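The values are calculated or read from the model by the stated rules, or taken from the named source; none is laboratory data. Given the structure is predicted, the values throughout are model-derived calculations rather than measurements. Because the Cβ atoms are built from the backbone with ideal geometry, glycine has one as well, and the counts that use them run over all protein chains shown. Ligands, DNA and RNA are stripped out before the accessible areas are found, and what is left, the full protein with its side chains, is counted by its heavy atoms. Shrake-Rupley method; radii C 1.70, N 1.55, O 1.52, S 1.80 Å.
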Amino acid sequence: MDKQFAIAFLSVVPVRANASHSSEMVSQVLFGETMQVLEQEDHWLRVKTFFDDYEGWIDEKQVKFLDNHLFDKLNQHTQFLTLDVNTLALKGAHKEPVYLCAGSLLPFFEDGKCSLDEEQYQIISSNVMMPSADDFAGDVEEISKRFLNVPYLWGGRTHFGIDCSGFTQMVFKILGKKIKRDASQQAEQGTLVNFLTEAKAGDLAFLITMKEESPMWVSC
């Protein structure tokens, strides 16, 4: 198979700054998230994630390759995702347990099952949802509170460790909004809010360094 596209089949896959296990982890890819392969160095792949166009290095053993047709099919529509902190999925006929983090995507989800590379997973949870931003301002507080007391982890995107921009990205992802991975990138999105009194639930604040240090409020 041509190694142009791939999908994460493990619960969490580290994305590293360089092609080495000792290299800094800059982000993570969750189960069901897809990526484009930009280059390969031994067993390391430099990838660009479909969800947020983030680039980094992933161990080839931690992803499955996709053909062009399946990659396009997966990304042409909004997929169901998990909402529980830790969702149990039973893999294949032997029902091997796989524990999925909140915000994991469920490819071709139907009747409590999803499929990935001809392997079927039974999802042991009713807490599966289609991302929706219909009531973003009303839902953002409840989803945000699900991450209370999560430890800080540079590059993290899960309840087992998360960083500041990973937290905002995952809350927005669950609610059907795409924002970039890093705070510097997120600050360039959305609409500028002129006054603090205009800020609404879900607006993001960024402290930027200029001639005059001042906060910039950005509505995403």
(Q) Take the conditions open to solvent by less than 50 Å² (accessible area, probe 1.4 Å) and in contact (Cβ under 8 Å) with a residue 60 or more places away in the chain and apply them to SER104. Does it pass? (A) yes
Q | Subset tally (residues that are in contact with a His (Cβ under 6 Å, 6 or more places away or on another chain) and among the hydroxyl-bearing types (Ser, Thr, Tyr)) for the range 33-66 | A | 0
Q) Does at least one position in the range 4-16 carry a residue that is in contact (Cβ under 8 Å) with a residue 12 or more places away in the chain, crowded, with 20+ Cβ neighbours inside 10 Å, of a type in the set (Phe, Trp, Tyr) and out of contact with any helix residue (DSSP H, G or I) (no Cβ under 9 Å at 6 or more places or on another chain)? A) no
Q.
If THR82 satisfies all but one of (1) closer than 21 Å to GLY166 by Cα; (2) open to solvent by 20 Å² or more (accessible area, probe 1.4 Å), what's the number of the condition it fails?
A. (2)
Q: Could you check the range 1-55 for strands (runs of 3 or more DSSP E) lying wholly inside it with 1 or more residues that are in contact with a Pro (Cβ under 9 Å, 6 or more places away or on another chain) and over 28 Å from HIS77 (Cα atoms)?
A: 25-30
(Q) So, in the range 32-55, how many residues would count as being on the phi < 0 side of the Ramachandran plot and either within 14 Å of the chain's Cα centre (by Cα) or among the aromatic types (Phe, Trp, Tyr) (or both)? (A) 11
Q: Among the residues of the range 27-70, write down those that are aromatic (Phe, Trp, Tyr) and open to solvent by less than 60 Å² (accessible area, probe 1.4 Å).
A: PHE31, TRP44, PHE51, TYR54, TRP57, PHE65
Q: Quickly run through the range 151-171 and pick out the residues that are among the aromatic types (Phe, Trp, Tyr) and either in contact with a strand residue (DSSP E or B) (Cβ under 6 Å, 6 or more places away or on another chain) or surrounded by 22 or more Cβ atoms within 10 Å (Cβ to Cβ) (or both).
A: none
**Q.** Restricting the range 107-137 to residues that are free of Cβ contacts under 8 Å to residues at least 24 places away in the same chain and open to solvent by less than 60 Å² (accessible area, probe 1.4 Å), the residue that is farthest from GLY156 (Cα to Cα)
**A.** GLY112
Q.
Give me the residue from the range 86-101 that is small (Gly, Ala, Ser) and touching a strand residue (DSSP E or B) at 6+ places or on another chain (Cβ under 7 Å) and, out of that set, surrounded by the fewest Cβ atoms within 10 Å (Cβ to Cβ).
A. GLY92
Q.
Being under 15 Å from the mean Cα position of the chain (by Cα) and either surrounded by fewer than 17 Cβ atoms within 10 Å (Cβ to Cβ) or hydrophobic (A, V, I, L, M, F, W, C) (or both): is that true of ILE179 here?
A. yes
Q: State whether one or more residues within the range 174-190 are touching an Asp or Glu at 6+ places or on another chain (Cβ under 9 Å) and at pLDDT below 90.
A: yes
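The rows are residues; the columns are (1) touching a residue at least 40 places away in the same chain (Cβ under 8 Å); (2) within 14 Å of ASP52 (Cβ to Cβ).
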{"position": "GLY161", "(1), (2)": "no, no"}
{"position": "GLY166", "(1), (2)": "yes, yes"}
{"position": "GLN169", "(1), (2)": "yes, yes"}
{"position": "LEU175", "(1), (2)": "yes, no"}
{"position": "LYS180", "(1), (2)": "yes, yes"}
{"position": "ALA187", "(1), (2)": "no, no"}
{"position": "LEU192", "(1), (2)": "no, no"}
